[in-house]
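Structure record follows, encoded as structure tokens.
Just so it is clear, none of the values below were taken in a lab; they were calculated from the coordinates. Since we're looking at a predicted model, the values are computed, not measured. All Cβ positions, glycine included, derive from the backbone under ideal geometry; neighbour counts span all protein chains shown.
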Amino acid sequence: WVSMWMKNTPLSLDMIFIDKDGKVVTVAERTTPFSTDIISSGEPVDYVLELNGGVSRLIGLKAGDRISHPLFDTEK
């Protein structure tokens with residue numbers, strides 16, 4: 001699991017929790033600036049992508065989607 005917080009972060013973010021294969025596990029939308037509340041992935045992940053708050057909804061990104069990036073698109 002990965003846990004994050006927004007302490008010292010002055011703007012809202014969307015936190016995209018991603019597993020080792022590039023699958024979006026959880027999306028924490030529009031997090032609260034300066035909050036010390038814990039934001040958890042809820043299950044094991046390897047990466048977190050931070051976007052400006054509201055962008056994930058704007059582009060239709062949701063749990064279960066797959067991120068295409070060379071980091072994940074390697075031959076196994």
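Highest mean first, how do 11-17, 25-31, 57-63 rank when packing is the count of other Cβ atoms within 10 Å averaged over residues? Show your work: numbers first, answer last.
Values: 11-17: 20.3, 25-31: 18.3, 57-63: 11.9.
Taking the mean over residues of other Cβ atoms within 10 Å, the ranking is 11-17, 25-31, 57-63.
To make sure I understand the rule: partners must be aspartates and glutamates, Cα under 13 Å from the Cα of residue 62, and not fewer than 8 residues away in the same chain. Which ones qualify?
Residue 62 reaches 14, 29.
Within the stretch 20-35, find all residues whose amide N lies under 14 Å from a label point positioned 7 Å from the Cα of residue 46 along Cα-to-beta-carbon.
Counting backbone N atoms under 14 Å from the label point, the list is 20-25.
To the nearest 500 deg cm²/dmol, what mean residue ellipticity at 222 nm is calculated for the chain from DSSP H runs of n ≥ 4 alone, each contributing -39,500 (n - 2.57), summed and divided by the residues?
Working: 1 runs with 5 residues, N = 76.
Calculated mean residue ellipticity at 222 nm is -1500 deg cm²/dmol.
Put +1 on the Cβ of every Lys and Arg and -1 on every Asp and Glu Cβ in the chain; which of 55, 4, 45 then has its Cα farthest towards the positive end of the dipole?
Checked the options; the winner is 55.
With charges only on Cβ, +1 for K and R and -1 for D and E, what is the dipole size of the chain about its Cα centre, in debye, rounded to 20?
On the way: 8 positive and 11 negative charges, 33 e Å.
The dipole magnitude comes to about 160 debye.
Which of 36, 25, 69 sits farthest toward the positive end of the charge dipole of the chain, with +1 on the Cβ of Lys and Arg and -1 on the Cβ of Asp and Glu?
36
Return a whole-number percent for the relative contact order of the stretch 3-59, with Cα pairs under 8 Å and 6 or more residues apart as the contact set.
Details: 119 pairs, mean separation 25.6, N = 57.
Computed over the stretch 3-59, the figure is 45 percent.
With volume of the Cα convex hull per residue in Å³ in mind, check [x] 83; [y] 102; [z] 118 and report the label derived from this structure.
[x]
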